[in-house]
Every structure is written in C-alpha cells, then in structure tokens.
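Novice: Right, I'll just put the structure down here and ask away after.
The values are calculated or read from the model by the stated rules, or taken from the named source; none is laboratory data. Just so it is clear, the structure is predicted and the values come from calculations on it, not from any experiment. Using ideal geometry, Cβ is built from the backbone for each residue, glycine included, and neighbour counts are taken over all protein chains shown.
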Amino acid sequence: MADEFKFSWAYLGDVKLGRENLGENMPVFVYRLFEYTMREAISNRFGNEVSVDLLRDAGRIAGSNLYEHFLSDIKDESECLAAFQKLLADTKIGILRIESIDDDGRIVVTVSEDLDCSGLPVTGETVCFYDEGFIAGVLTGLYKKEYTAEEIDCWAKGDRVCRFIAKVKDPE
C-alpha cells in the first residue's frame with residue numbers, strides 16, 4: 001500500500017478550528033448516507049462480497065487506530081473494556097455491553113442504539129460489517145491476538161440490539 005493512503009490520526013484535522021460555527025456534531029443520517037452510498041458504490045463496481053470485506057477492513061483500521069489513540073495506555077483488561085464502553089457512549093457510537101468472555105478468548109458483546117443500524121427497516125439480514133471490523137480491531141489491540149467478529153443479531157434482522165461474537169482468528 002502506498003504510504004500516502006495509510007490512515008493517520010492527523011487526517012481527522014482540527015475540527016474545532018475548521019468548524020467553529022457548526023461544531024463537531026452532525027445528524028446520524030449524514031453518517032449513514034456516507035456509509036450506505038459508499039457500500040452501494042463499491043458493490044456496483046466490485047460486487048457485494050467485496051463491499052462487505054472492505055467495510056470490515058475499514059472498521060478494523062478504525063478500531064485499531066482508536067485503540068492506539070485512546071486505550072493503549074490502559075494495561076488492565078477490565079479498565080480498558082470499561083473505557084471502551086465509555087468512549088462509545090460518549091461519542092454516541094452506541095451503548096456497548098460485554099455479555100461474556102470465555103477462557104478461550106471468545107467474547108460476546110451487544111451494542112444498542114448502534115450508529116450503523118438502530119432504526120433501520122427490517123430486511124432480515126445483518127448490516128453492521130463496519131462494526132464487525134471495528135470491534136475486532138479494538139480487541140486485537142487489547143489482547144495482542146488477531147480477532148474477528150461476526151454479527152449474529154441486528155436491528156435490520158428485527159432485533160433490538162446488535163450482538164457480536166468475537167474470537168481469536170484461526171491461523172491459516
């Protein structure tokens with residue numbers, strides 16, 4: 001990958017300086033408009049499977065960078081997970097709840113009021129592919145093992161929360 005396209009936290013800029021009148025907040029529909037039109041554009045050009053994979057990859061990059069920027073100095077697992085929950089709530093991404101953590105590294109989390117899908121029409125399918133990568137990216141940073149996450153419940157499937165099963169990625 002060319003270095004000029006590698007994500008840097010500096011790309012986010014100084015929003016307070018650049019948006020002194022409008023501020024940092026924007027409606028959820030603007031985020032979703034970007035995400036779902038980007039998914040359609042990628043799908044139209046490369047197919048749905050590629051669009052899903054790219055959203056997961058982007059989520060993983062975001063989650064990894066968020067971990068490094070906000071959470072990496074917290075060495076205690078419980079404190080780090082609590083800080084992650086607080087960060088998601090404070091930034092209005094969603095309300096994260098840890099349902100279980102198994103000895104084998106399997107983690108089940110729910111996200112209610114999820115930025116990606118809460119309030120969407122029911123289609124019978126999961127849609128939070130970006131979130132899958134995002135959660136996996138944060139957990140990979142925290143546990144220093146590569147994680148994957150799969151959404152099993154979603155607002156778009158008719159559920160009231162998104163539920164993800166995260167686990168250590170199988171070696172290939």
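Novice: Filter the range 9-22 down to the residues that are surrounded by 10 or more Cβ atoms within 10 Å (Cβ to Cβ) and either more than 19 Å from the chain's Cα centre (by Cα) or not in a helix (DSSP H, G or I) (or both) and list them by number.
Specialist: Restricting attention to the range 9-22, the residues satisfying the condition of being surrounded by 10 or more Cβ atoms within 10 Å (Cβ to Cβ) are 9, 12-13, 15, 19.
The answer is Gly13, Val15, Arg19.
Novice: State yes or no: is Asp116 surrounded by fewer than 18 Cβ atoms within 10 Å (Cβ to Cβ) and among the charged types (D, E, K, R)? Steps first, answer last, please.
Specialist: On the way: surrounded by fewer than 18 Cβ atoms within 10 Å (Cβ to Cβ): no; among the charged types (D, E, K, R): yes.
Here the answer is no, as Asp116 does not meet what is asked.
Novice: What are the residues in the range 136-158 that are in a loop (DSSP other than H, G, I, E, B), farther than 17 Å from Asn65 by Cβ and in contact with a Lys or Arg (Cβ under 7 Å, 6 or more places away or on another chain), if any?
Specialist: Quick first cut of the range 136-158, residues in a loop (DSSP other than H, G, I, E, B) only: 144-146, 154, 158.
Now drop any that are not farther than 17 Å from Asn65 by Cβ, which leaves 145, 154, 158.
The answer is none; no residue qualifies.
Table: residues versus (1) assigned to a helix (DSSP H, G or I); (2) surrounded by fewer than 10 Cβ atoms within 10 Å (Cβ to Cβ); (3) modelled with pLDDT of 95 or more; (4) out of contact with any Cys (no Cβ under 6 Å at 6 or more places or on another chain).
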position: Met1; (1), (2), (3), (4): no, yes, no, yes
position: Glu24; (1), (2), (3), (4): no, yes, no, yes
position: Phe34; (1), (2), (3), (4): yes, no, yes, yes
position: Thr37; (1), (2), (3), (4): yes, no, yes, yes
position: Ile42; (1), (2), (3), (4): yes, no, yes, yes
position: Val50; (1), (2), (3), (4): yes, no, yes, yes
position: Gly59; (1), (2), (3), (4): yes, no, yes, yes
position: Asp73; (1), (2), (3), (4): no, yes, yes, yes
position: Leu81; (1), (2), (3), (4): yes, no, yes, yes
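Novice: Whether any residue in the range 14-24 is in contact with a Leu (Cβ under 7 Å, 6 or more places away or on another chain) and charged (D, E, K, R) is what I want to check.
Specialist: no
Novice: Being in contact (Cβ under 8 Å) with a residue 24 or more places away in the chain and farther than 16 Å from Ile101 by Cα is the filter here, so list the residues in the range 152-172 that pass it.
Specialist: Ile152, Asp153, Cys154, Trp155, Ala156, Lys157, Gly158, Arg160, Val161, Cys162
Novice: What about Tyr67, is it under 22 Å from Glu24 (Cα atoms) and under 15 Å from the mean Cα position of the chain (by Cα)? Step through it out loud before you land on a result.
Specialist: Working: under 22 Å from Glu24 (Cα atoms): yes; under 15 Å from the mean Cα position of the chain (by Cα): yes.
Spelling it out, Tyr67 is indeed under 22 Å from Glu24 (Cα atoms) and under 15 Å from the mean Cα position of the chain (by Cα).
Novice: Next question. For the range 124-143, give me each residue that is free of Cβ contacts under 8 Å to residues at least 60 places away in the same chain and among the polar types (S, T, N, Q).
Specialist: Thr126
Novice: Would you check if there is a residue in the range 90-106 being surrounded by 13 or more Cβ atoms within 10 Å (Cβ to Cβ), closer than 16 Å to Asp153 by Cβ, of a type in the set (Val, Ile, Thr) and in contact with a helix residue (DSSP H, G or I) (Cβ under 7 Å, 6 or more places away or on another chain)?
Specialist: Yes, there is a match, as at least one residue in the range 90-106 is surrounded by 13 or more Cβ atoms within 10 Å (Cβ to Cβ), closer than 16 Å to Asp153 by Cβ, of a type in the set (Val, Ile, Thr) and in contact with a helix residue (DSSP H, G or I) (Cβ under 7 Å, 6 or more places away or on another chain).
Novice: Across the range 88-135, which residue is farthest from the chain's Cα centre (by Cα) among those that are hydroxyl-bearing (Ser, Thr, Tyr) and outside any loop (DSSP other than H, G, I, E, B)?
Specialist: Of all residues in the range 88-135, those hydroxyl-bearing (Ser, Thr, Tyr) come to 91, 100, 110, 112, 118, 123, 126, 130.
From what is left, the residues that are outside any loop (DSSP other than H, G, I, E, B) are 100, 110, 112, 130.
Values: Ser100: 19, Thr110: 12, Ser112: 13, Tyr130: 5 Å.
Out of the qualifying residues, it is Ser100.
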